[in-house]
Structures are given as C-alpha cells and as structure tokens.
Amino acid sequence: MRTKRLKVLAVSVLLGLLASACAAPPPAAAPAQPAAPAADQTFTVGMVIVGPMNDKGWNEAHVEGTKYVMEKMPNVKFEYVDKVNPGDRPNVKGSQVADELIAKGAKVVIFNSDDFKDDALETAKKHPNIVVIHASGDYAWKEGKNYKNQPNLGNLMSKMEPGWMIAGCASALGSENGKIGTVGPLINEETRRYASAAYLGARYCWENYKKRDPKELQFKITWIGFWFNIPGVTLDPTKVADDFYNGGFDVVMSAIDTPEVAVQGKKAAEAGKAVKYHHYDYKGGCELAPDICLGVHYYNWGPGYLDIIKRAMEGTYTGTWTWAQADWKDLNNPDTSAFGYIKGKALGAENEKFLDQFIKGLGDGSIDLWKGPLNFQDGSVFLKDGEKATDQQIWYLPQLLEGMEGPSK
Amino acid sequence: MKVELRHIHKHFGAVHANNDVSLTVEAGTIHGLLGENGAGKSTLVKILSGFITRDSGEVVLDGRTAHIQSPADALRYGIGMLHQDPLDFPPLTAIENFMAGSLAMRAILNPRAAERTFRALCAQFNFDIDPQARVSDLTVGERQQLEIVRLLANGVGTLILDEPTTGISASQKTLLFEALRKLAGEGKSIIFVSHKLEDVEELCDCVTVMRRGQVVGELDLRADGLRQTEGKWPRDQHFSIAARIVEMMFGKELAMPVKPPTHQDEVILSVEGLVLRSDRLEMRIEHLAVQRGEVIGVAGLEGSGQQLFLMACAGLERPAAGTIRLADRDLTHKPYRDFLQAGVCYVPADRLRDGLISGLTIQEHVALRTSNRRLFINRAAATAEAERAIATFNIRGRPDTLVERLSGGNQQRTQLALMPSPLNVLLMEHPTRGLDIESTLWVWQQLIARCKQGTAIVFASSDLDEIVQYSDRVMVFSGGRVSPPIAASELTADSLGQMIGGRF
Amino acid sequence: MLYRVGAFVISLVLIGLVVVLSGASPITVIGRMLSGAFGTADQIGRVVATLSPLLLCAAGLVYTFNAGLYNLGVEGQITFGAIAATLVLRLLHPEGASASLAPPPLTIALAIVAGGIGGVLWGLLAGALHVYGRISEIFAGLGLNFAATGIAIYLIFGPWKRPGVASLSGTQPFDESLWLGTFGQTEATPVALILGLIALAITIVVMRNTYFGLRLRAVGKNLRASYVLGVPARRQLLSAFFICGLFAGVAGALQVVGVFHRLIPNISSNLGFLGLLVVMLVNFDPRWILPVAFFFSALNIGSLQLPLSLGLESSLSGVIQGLLVLFALIGRGLAQRYGRKLEH
Amino acid sequence: MEFNQLLVILATAIAAATPLVFACIGETITERAGVINLSAEGTVMLCAMVGFVVAKATESVWLGFVGATVIGALIALIVAYGTITLKQSQIAIGFVLALLCSDLSAYLGNPYVRIPGPTVPPAFPIPILQDIPLIGPLFFREGDVLVYAGYVLIAATWVYFYRTRGGLTLRAVGEQPAAAFARGHNVVALRYAYTLIGGALMGIAGAAFSLDFKAGWSYRHTAGYGWIALAIVIFGGWNPLRAALGAYLFGILQSLASVAQSAIPDVPTQAFTVAPFVLMILVLVLTSGDWLDRLLSYLPVSARRSLSRALRTAPPAALGRPFEQD
C-alpha cells in the first residue's frame, strides 16, 4: 500500500511538471520570414558539427571559420551543436538538430560533414526559407552526378587537392626510407581523391627533388572507418598510428579529424624513434608536437562562409556548388585563400626550398599532376598519356591510384 | 578441554529452540548428543561453535567463561565443528582446503610445509587423502577426514561432529571412530551429534538426549547407569541402553492408531527395484505397492532419504534404476508433467522454498493451480475460488494476502487447499509440522476424507505419534536403509525407535 | 516509505549538485530542457518518436524482468530486428530499382514483421544459452549485443554499403515511399506510437489478467516452487525471451522504417538500455511505464538544448536518469533493511 | 614486413593493453570475492576523466592517478554498499552505475575535451631483460612505467591468489562464503575490501588511458573497454594470468585489425572488435555445461586432473549471490 502511495505521489509530481511545461507560453515556431534583417539585428547561423568542436581538426577548423565571420560581421551569431553522429548522440539525426537550430532562430544552417548530405537535403526541403549549406557534398553541382534541384541548398568545399599534393610532397621530402603511412577516415569519393592527390604529390617530389626511385616509395593508407574514433565501431586511430610508427613508417600523415597521429608520433619520438608526422585540417596542428611536424594543410572556411552569409542576409543566396580555390599568391591569407599551408620544423631548410618550388609550380600551373598516364589501383587506365582530368573525374574518383597500398572500396 | 554450557536459551521468533539447556562435556570424553529433528541439538552446537548467538546463558571452558560471538571466536577458544554437509571449498584442492582459514599459516603460504603436516596427521589416523585432489572429487567421508585433520592442525581442543556417519562407508566409519577415540585419549572433548543408536552405543562415553528444546536425560554409558533429570523413568535393568535412549528421545508410549480403514484393493502406486542416489545417500527399495485409500507413513530421522524417495515418486527426482508405476502406467523417467497429469501431488516441507511462491497472493496461487488452457484469468471466479478455499481450509487470510505473510499453519492449509482434485497419490512431507493440536486434527480429517475418495497418501514425518496414529503401514528409513512396510498396529515405541536408530 | 522518499530526495539533490558543479543553474537547466522537449510541435513529435520504441522495449523487458531475468541483451535484439527489417526492405526494393516488388505499405508491414522475427531469433539465442547452456543471461546478452552490432557494421561496410562509400554513416536511405508516415511535418509516426501503446497495453493486461503472466511472475519469484506447482519453467523462461525479443525487434524495425530510414551501426540508439532503466525504476510494474518512459524521452530530447547557448553536455539527461534509478534501488534496499526493523 | 618491425608492433600492442590489464585484474579480484562489479564500463571512463582533470589541475600525473584510484574505489563502495549491505541485485546496481558514470564523465568532462595535459614519462627499456631473445623485445623494450607496473601487478596478483593466505581466503570467500565464515573470516568485510580494491584498480586503468595510452580526454574516451574487460575476465577464467593474457591478446588482435586491413581486405576489421565477446560466449558454452566433465570422465585420473584444471574455468560458486549469515 505504501509503495502505491509513493508512486501516486511521484506520478503526480511528474504530471505537474509536464502540465507546467505545457502551460508555458507557446514558444515561437520557426519564423519563416524572408531573411532581410536590419543591420543592428543579430543574424543567427546554426552549425551542425559532426564531431567535437574542439577536436584540433576538421571540426575546430569550421569553428575557426565561424569566428572569422563573427569578427567581420559582429551582428552575426552562431549556435553550434557538436558531436552530431549516431555514435555520440544516439537517436539524434542531423536534420533534427537543424530543426532545433531553426527553432532557435537560425536563418542559415551549416552542416559540416559529408555524412550530412541526406540531412541537409531533408532540412532544405522542410524549411524552404532557410539557407542550408552543406560543407562538402555535391547536391548543388549542376554538372555533378547527384544534382538535386533545391534552391536553398548550397555546397561549399575548399579545393584541397593541391593542399594534399603539398602535404604528400612534404611527407616524401621528410621521409628517409620512403615509407609513408596515412591514417585515413572512411572510404568515399572525397577521401579517395585526397589520398590520391597526396600520393601524386609524394611521388613527384620523391622522384624529382629527392631523386629517388618511385618504386622505393611505399604509400600505405589504413582506413579507420569514420572521421574520428567511435570506440568499438571504428578502428582505434591511436592503434593504427602506433602500428605505422612501429612498422617502420617514418612519416605518418593524418587524414582524419582528430589528432591521434600527432599525439602518438610525439610519444614515439620521445621514446627515441626517428618519426615525423604530417597534420591536416587545423591550423595549429604543428603545435601538438612541433619538433616532428612536417607541416599542416588546413582549411580556411572563413571567407567562404562570410560570402554565403552576406548573401543570405541580403536574401540573394541561391544554392550553388562552390569549390573554393586557394590564393596561390598568398596561400595563408585568411581573407582570400580557401586553404593554407604551414611548414613544420621537421621539414628542414633544404626541403623547404623544394617545397616552395613545388607550391609555386602548382600555383602557376607548371606542375599538373592530374595528367596521364595514370592508372587505377587495379591497373585499369584512369588517364591516357597526356590526358588531363576533368573536375568530375577528380571529384568522383572511383579508386585509388596505382602504386598506393590500401583498400579502395 | 572441559566444556560447560549453562542455562542456554535461544528463541527463533516464537520457537523456543533451546530452553534452559545445560550440558557438561568432560575433557577426554566423547559425548553423544541425541534427539529428534527440531529437538534443539543443532542450535546448541551452533551456539557453541559461534554460528548462532545465544539469547542468554553461559559457555564455560575449562572453568573460565568464554565469549563466543562468531566462529572466529570459537576457533580461538579451540572449538571446531564438523558440519553435516562439510563446509569446505569444493573447487579447491585438499591441501588448499587444509590451509584455508588455518591459524597456523603465515601470510605467505608454504604448501610444502602444510603438506608435511597434512600427511603426518593423515598418517596418524590412517586417512588416505591425496593432497592435490580437488575436494569436489572426494567422497563425503574423505571430506570429513579432511575437515578433522584441518581442525586438528588448528589445535582444536573440542571437536563437534554433526551427523558424521551419514553418507560414509563402513570402513570410513571405522576409521573415523578410531580417530575420535584416539583424540579423546589425547584429552580432547568430542561432541557427537547423531541419530544412530548403534553409533552412539559403540562410540560415546556419555549421552545427552534433547527433546523440544530441553535436555530430557543423560546417560553415562561407561558406568551403564542412568542419571535422571526428570525422574519419571524407573531404574529397570532390563532396559537396554538403546531402549532407554529411544524412550528418552521419543517418549515412552506411542499413541494409538486412530485412522479408520480406508484402503481399497486396487494398487495405485507401485515401485520395483528402485535405486536412488544423492551426494550422501544411496538406497534401494525392492518392492512397494500402495493401495488406493491407503496411508503409508515414512518414519526416520531427517535426511535419511525420505525426501529423495517422495520426490522420486513425484517425478521430481530421477531414479538410478527401477520402475515407478501409477496404476497401470509406467512413469519411470517420464517428465514431471506426466506425473502431474497422472494425479500425483507433492507437498514439500519447506513451504516457502519449494511449495509456495513468496510475493504471490493466495488467490494467485489458486489461479496458478487451476490454470488450464484459458488465456485470461477470471478475477471474480479466482477470488471466489480463493474465498471458497479459505473458508474450506479455514485459512486466516484474505484472497489478496501474500503467502509469506501467513503463519506457518496457514501456509500449510494453503498448500492443502492447492492440492488438485481428484488425486491419485499424495506425497507429503511433515503434513502438520508447526501446527497446533486442533489444526493437526483438522488437517488429518481432510486427508482421511481424501483417502476415502481413493487417494493414496505417502507422508514423511518426524512425529512418531503422527506416524502411528494415521498410517496404515509404516516404512522406516535409516541412513540409506529402508524397512519394508509394517502395519502400524504392530509397532511399539521400542521397535520403532530401534528401527529409526538403524536396527532392523 | 521514508527511506524511498529520502533516497528520491537525495537523488534530486545530487542532480542539482552535478548541475551546479558544471557551473550552471539547475532552474535554467530544467527550464531549458522542458522547453526543449515541449517547445515546438517538432520537439513534441520527437519526444513521441523516442517514446514509441522505448515503450516497446520497456514492455518487452517487463516479461524478462518478471521472469527473473536481466535481459541486457535487449540492445542486440533491437539491432538484429533492424537488420532483419533492412534485409526485407532490400529484398523487396532492390537498390537502384524504381519501385518495390510489393506495394509500399505491405513492404513496410513485412519489414516490421521481419524485425520482430529477427528480434525473436536473437532473444531466443540468449534464452537458449541461458536455459540449455546454463550461461548467465547477463553475459550472454552483453556478448550478443556486441555480436549484433558487429554484424550490422559488417553489413554497412560490406555487402550493404552505399555505392562507392564505406562509411559508418549507414546504408543508402530507402526510397521515401518506404518511410513510415508521420504526424504532419514532425517525426512522430502514428504507426510506431500505436504499436508501442498496444505493446504496453497488452503487457499490462498479460501481467495482470492472464495465466501466462501469472505463471511468468511465479517462475520469476520462485523457479523451484513454481515447477513443483506444475508450471513449465523452461518454456516460461524461453517465452519471456521470445516476447522481449519480439518487441525489441519490432522497435528495431521501427527505427529503420520510421526514424533513420536506413540501417546505421548504432540503430538501437541505446533505447534498450534506457528501457532497462525505465523498468527498473518502476520496479517491473508495467502500469507505470508510460509516464516514466515519457519523462525519460522528454529528458533525452530536451537535453539537446543544453549545448545550445548553455554550453553544457547533453549527457546530463543520462546522469539524471541514472541517479534516479540508482537511488530508487538504494531506497528499496534501505526500506527492506531498515523499514522492517521499524515495523517490529 | 620485417620480423623486427613485427616484434615492435606486437610489443606496442602488448604495452597498449596495459589499462585493460589493470581493469581485468581489478574485476578478477572483485569477482573472485563473489561480487560482480558490472559498473566497469562507467568506472573506467569516469576515472579516465577524473584522472586527466586532476593531473591537469595539479600538473602532476601521479596525483591524477591518485584521484582516479579514489573515484574508482568510491564507485566500488556504492556497489558494495548496495549489493552487500542492502542486498540489492549486483546486476542492477552495477548496470545503472555503468550508464550513470559514463554519462557523468561526458557531462563533467566537457570542458577538458582535447586539451593537452600531462602524460606519463616515455617508454624506456629495462636493462638486461631487454636482451632476452624474443621476450626482451616483446616485453621489456617498448614499455613505460605503467607497462612494467602492469607486469608487477599480474605477478603480484597471481602470487597473492595462489601463494598467500590472504589469496586463499579471497578464493574461499567467493566459493563458499558460509564455509569461510565458519573458518573465522569476516565475509562481509572481505567482500567490501576486495570490491574496493578492484574498483581502485579499474580507476588506475581509467587514468592509464587518459594519462598514457590514449592521452587526453575526449567524449566517451574509453567507451567499450569496460565491457571488454568484463568479457576478458570470463575468458580468463577468473585467473589473473589468463585474464592478463586475454588482455594482451585483445591488444594484439586490435593491431592485427589495422595491419591486416590491406593484406586481407575480405575479412571485415570489425571481426576483430567483436572477437572477444564471441570468444567469451564460446568459452562459457564450453565450460558451463556438463559435457566437459562427461568427456573428461573417460580419461585416466591423472590426465583428467591436469586437463580439467587447464580447461575448467568455472566461475566462483558464490559469484553474484549475497551472503546470508543466519
């Protein structure tokens, strides 16, 4: 009997709570007014972030980009929800988070991962008056394979392939034994073209600057299965990095969102191993272990976001596919370049010269590595002799290239 | 060591398990402690060995008051107890068991030294135990030997043995007795709790008999004289020792049979060449044929195999050999379900463990028993049914009373109420344990009514009066031996006592 | 009573303490979470969308708990149900095909049925290991959870991967014709809610009014005595696993057709574990599941507001749920230990 | 791949299994006393967080370990109080704590995600021992203080279990508490003590992750390892040596998964992640039934004894059951 009374009590408390919640003033439903606010009004942008926002990698680079925007446009405010992935937030979908952000007043919603392509589309359809930006992805690319005619959905992606070539080049220059390992995320078109670009850069510099036989170059990639570690689901990048360092790979490149490669490299170096790493995504990547860092190619999302948000505020944005280019005159210019490159201490003065040469060549077009003859990993022909790859061929790269180790699919 | 227990009292709820019990065991003697189940002897030795704390009274060792609150205390005073089910660690090896809890051991084990001690002690008593054998692979006798050796290595001055001769072989028994005599010879005091008259006669110097929580007599077997505590027993030299003990244990006279004849000619339950085995017992029942309406009483001290036998007849225990037939159906090795369908019902002694389900109400029990192929419980019908049962069986409770809230007697009434009808064979343990006289009479009224309807009843009881009063025939179990059924009218207190003590 | 209320109060105090420790005000947090759960139709819809599978799981767990079993394998049963449902959807609507081989409603129905069957298989596997292999259902269940997730990941990575993409983000979403209909624009699907409520209603009726439920409780409370009283104990235990697997599997199928519209590695979304907490909190009594499950769902949805502007972690909802259940258990223990002494 | 590199990879895999070793040994000790601490998943994770935070705040790695140890023991204290004193289900309490502590770590550890913090000093080889062929490079070259402490722990636990009076008592308490009580042991106090010790070791395991082998703290940093530890304890048959072996094997399996990806792309790498659990069930199936005994009974006594000792991994008989003193 006693327990019964307790339960009655508990439930009435509960119901009371619920009732008071329902009695609360009905919150404003997503106001779907066209976006043309006065300059003094805050303009809210929502950002759906796939991983932790302070990951010293991909996600933090996006957050840096938003800071840039806020600096330039003080009336813009960002709302973030991070760790939006089924491992970290079970039963939460990107589109749900977008709904929340829109309910909070966001006029622009940015999805920061390729994995959100379905969510971005769903959100764009559900909220036709909201500008939805999918960072990476190709749904707004008219010439692409997956064009969806959704005017309020746009794509923004830095054209990082040359960045990867520089990274590959620096790694090859930094490697003594020609064994370069890459800790890769998951296998898709983006990661395939990135890894391949890195390989092309590495091979070029190995052959042309180091004057070594490309056959001596071992370029291996191990995919962990996601952009970052989800315990029990992905391979543990800590382990994968360790295995590279211990397996005789003297340079390990990170292609994932999080800094395990740097952390483990630091440990290995402290234990007396002659190893170096190449970071990715985040500007400050070399600070994790400066002495063994070859360099970092990082995203500079700020200018791209600024442009889109400006246009969204004016109400003139319509979904476009933007493959933002680097500013080859000033690669690290925060206002103009879509990505940047910072050389690491471990590169060495002589190699720096080579790398500068390489960057210059990429910038003026004298070095074009997407040029035949190139074969796919299975030996089939990708580009015939002298043939240049189109944007589509690069974007939708179906396989890794010949000479690379690691699964393509 | 001289052990004196003075004016020990112990209550368990309403039960006065030890009522002003005093007992003196001289150093260098083997002292038998006898009594029926529930007489309070287990409680007494558990108090001495620290398992149970007494309500009042005093333990005096070699003239000094001892403060025993836990087994650890008792061990420190040099009191060791050998439990009926050896309290050891089956997955460990013999030598590990020997070392476990040993006071002599240092923080770092020295198995070699321990093994030397162990072997020396074993040799002393002609025990043959492989130190590396797992205890789970040893026989009950060997486990006992192991315990004795272990306790001795701990330097006990007083050794308590609870029913040590059940489940061990004759040769092991000889070894045990020799060892005990030897220990007594060394000045240790030994308390020997047993049922078996012949063992007591053979071994003990002195016997104390308990009944209903009190000491009812003491007997110095060496002097062959009878010291009386109650003074109502005549000094008659014709009484054998065993007869005197039986008398003290069970009372002088048995009640008269009161059961009307109800048996019919048809044999309902028959058993041929039944062999039953448990960890401790192996027994064989050559032939038994129970007729419809007949009541078979199963006498014997608890743990002599009665439960095993009843459960085998109920289909809850697989016989090692032999057949069980119900009317003309062979039910040997058939699943329990078939026994139920054939109209067999088993009413266990431990009501809340085996018979009723704590947490369910009377009404739910009734529903559980009457459930058939229907899906839904008809609440009203179930309540009505439960109310009828409550009225019929005079249960003090409501349909929604949880069974664990009922008193023992009312739990028993509930068990009876749950018996299906019609019923061919009813197998019961202690039908009236814990019931007052009125209830006992009432219960048997119900049971006899069942007999008249053709139900055969086989029941085990530790109450000899009940056995004689209500049985047509009586079987006696003693340490794995089973007597053939004897007509209740032919039994005398003495013959029954002797049989229970293992003489037949 | 005293102890239970006391324990409840302590858990509330501790929750407050945890919130304060992270530098926030409990009142703000409560307000934010409430408005996050019931602020908009979308949010209420989401609460309902979480509630539906949670009801199914909790209802299923009532059977196993009442049979005296800790079915920690419920997560795996959800996952395997989801896998089975995905299999049927893929068979009936092959990738690249323009239309299903069966009408969409039938396809969805078949997928849900398949989910139930999948859950039953996984549940019975745990049950068989327990009943016949004498393996603790706890460890069998936990192991099978990981095994089911492993299978799901293998399929997502291998045979069922999106064209050209080997990612844990899941399989290719199904055609929209195969999505369960929703209440308006929200994510709550009537079918899921109805199934959840039906499962719960059935469970309440079964536990209260049927012989099956009575026998189940008997087995759970005293296996031996119920066997002696003629209850087929093994069959009863296996039935409990069967039903729990069935409900959990259906929940898994609903996650596929109603929520994610594809198979993802964490398709069970910890709903099984949440269900375990719910049923433990209500002390295995199905009548209280609805309010508690509703409260838990609201917490989970409302907690999404915490990172927004408060900068707190959403896992506060889990902390609240965990503390409530922990102290409910401790309160129960205190009442059993000291409450009786007071009575005497 | 060269043999030496393989050795180094294996050695690092072995070293990286150190936190699991601590967790498995801790859980083994607790379970040997008859208590299942099902909270392992949450304990390890919360302690990883606390260890990191304390180390960061005090700039002392070792204080971090102390903090983690204390928290691990505190969680174990809740388990002990709830299950030993209040006699609630070990499963219920442990399970709730597993979920609760995981969430608590995520909630309270949020400000500390991915910031650099102090770490255990780097690896160093052990003189002399490192030159033993095979054993040296595998065990004594790639380890740091914790790795070697792990070896000491394994050895010490084994010695304690099988060579000391305390260890014998511990095993006794888990097998037959009533008998241990009869022999004068305070079963309740012992169970409390061993539950706390086990919890403390799991706390160290957590800190070993966040201050060494997965340095730093991130959301659900050690997710999965607690459950894996529970599985390995069963796989190891409640024997510290075998449990440690299981932990090392798991580490090697994980490395295999990454090394094997390009070599054998047909085997899904997830197979390696799930392996410990499937193995655990298999071990249980093999050792729980009667059939092993029946099979062994055909063998001669001497062979039977050693074989049964090698194969039989029955759990402590009183595992999971409260001790009722009458």
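Bear in mind that the values in this text are calculations on the coordinates, not laboratory data. On a predicted model such as this, the values are computed, not experimentally measured, just so you know. Using ideal geometry, Cβ is built from the backbone for each residue, glycine included, and neighbour counts are taken over all protein chains shown.
Annotations
- Seen from every direction in turn and averaged, the convex hull around the alpha carbons of region A:97-158 projects onto 3.9 nm².
- Histogrammed with a bin width of 5 Å, the alpha carbon distances of region C:57-289 distribute as 1, 8, 14, 19, 18, 15, 10, 7, 4, 2, 1, 0, 0 percent, first bin at zero.
- Value of [θ]222 nm, deg cm²/dmol, for chain D, DSSP H segments ≥ 4, -39500 (n - 2.57) each, nearest 500: -22000 deg cm²/dmol
- Prolate/oblate/rounded label for the protein assembly as shown (Cα gyration tensor, a/c 1.5): prolate
- Simple rule: put +1 on each Lys or Arg Cβ and -1 on each Asp or Glu Cβ in the protein assembly as shown, find the dipole, and look at B:321, C:66, A:134; the Cα lying farthest toward the positive end is C:66.
- 0 to 90° range, to nearest 10: angle between helix B:170-185 axis and chain B longest Cα axis: 40 degrees
- Under a model in which nothing but the beta-carbon of Lys, Arg (+1) and Asp, Glu (-1) is charged, the protein assembly as shown shows a dipole of about 1820 debye around its Cα centre.
- Alpha carbon Rg of region D:35-194, scaled by the compact-globule rule 2.2 N^0.38 Å: 1.27
- Considering only D:72, D:26, D:82, the mean-square fluctuation computed in a Gaussian network model of chain D, springs between alpha carbons under 10 angstrom, is largest for D:82.
- Equivalent-ellipsoid semi-axes of region B:79-225, from the Cα gyration tensor, Å, largest first: 29, 15, 14
- Listed residues C:108, C:15, C:301, most fluctuating in chain C (Gaussian network, C-alpha, under 10 Å): C:15
- Where only DSSP H runs of four or more residues are counted, chain A gives -11500 deg cm²/dmol as its mean residue ellipticity at 222 nm, each run worth -39500 (n - 2.57).
- Peptide C:159-172 - average C-beta neighbours from other chains (10 Å radius): 6
- Between residue A:274 and residue B:108, the modelled labels are 4.7 nm apart [label points 7 Å from Cα along Cα→Cβ].
- Whole-number percent relative contact order across region B:3-250, with pairs defined as alpha carbons under 8 Å at least 6 apart: 27 percent
- Helix-only mean residue ellipticity at 222 nm for chain B, each DSSP H run of n ≥ 4 adding -39500 (n - 2.57), per residue, nearest 500: -9500 deg cm²/dmol
- Value of Rg to Rh for chain A (Rh from inverse mean 1/r over Cα pairs, i.e. Kirkwood): 1.04
- For region B:356-419, the Kirkwood estimate of hydrodynamic radius, built from reciprocal distances between every pair of different alpha carbons, is 11.4 Å.
- Extreme residue, positive dipole direction of region C:57-289, given options C:121, C:84, C:190 (C-beta unit charges): C:121
- Contact order normalised by residue count of chain B, Cα under 8 Å, 6+ apart, percent: 16 percent
- For chain A, with +1 on Lys and Arg beta carbons and -1 on Asp and Glu, the positive-most of A:147, A:377, A:333 along the dipole: A:147
- Applying 1/(1 + (r/R0)^6) with r as the Cβ-Cβ distance of residue C:176 and residue A:316 and R0 = 25 angstrom yields a FRET efficiency of 0.20.
- Debye-sum result for region C:165-318 in log10 I(q)/I(0), which assumes one identical scatterer on each alpha carbon, at q = 0.14, 0.21 Å⁻¹: -0.88, -1.43
- Cα-based equivalent ellipsoid, chain B: semi-axes from gyration tensor eigenvalues, Å: 42, 26, 24
- Of the DSSP H helices in chain D, those with a Cα length along their own long axis of 20 Å or more and a mean Kyte-Doolittle hydropathy reaching -1.0 comprise D:18-32, D:40-58, D:61-80, D:90-108, D:145-163, D:187-208, D:240-263, D:270-288.
- Shape category assigned to region B:3-250 from the gyration tensor of Cα positions, a/c cut at 1.5: prolate
- Take each residue of peptide D:86-93, count the partner chain Cβ atoms within 10 Å of its Cβ, and average: the result is 6.
- Unit Cα scatterers, Debye sum, region C:4-56: log10 I(q)/I(0) for q = 0.17 Å⁻¹: -0.74
- Region C:29-165, Rg to Rh (Cα coordinates; Rh as Kirkwood inverse mean 1/r): 1.06
- Size of charge dipole - region A:158-291 - debye, nearest 20, with Cβ of Lys, Arg +1 and Asp, Glu -1, no other charges: 360 debye
- Global geometry of chain D, whether rounded, prolate or oblate, following the gyration tensor of its Cα atoms and the 1.5 cut on a/c: oblate
- Shielding by partners, peptide A:395-405 (average Cβ within 10 angstrom, other chains): 1
- GNM top mover of D:315, D:118, D:133 - chain D, alpha-carbon springs below 10 Å: D:133
- Here's the picture: a label point sits 7 Å out from the Cα of residue B:62 along the beta-carbon direction, and within region B:147-181 the residues with their amide nitrogen under 19 Å of it are B:151-160.
- Where a label projected 7 Å from the Cα of residue A:215 along Cα→Cβ would reach, residues of region A:168-200 with amide N under 17 Å: A:178-179
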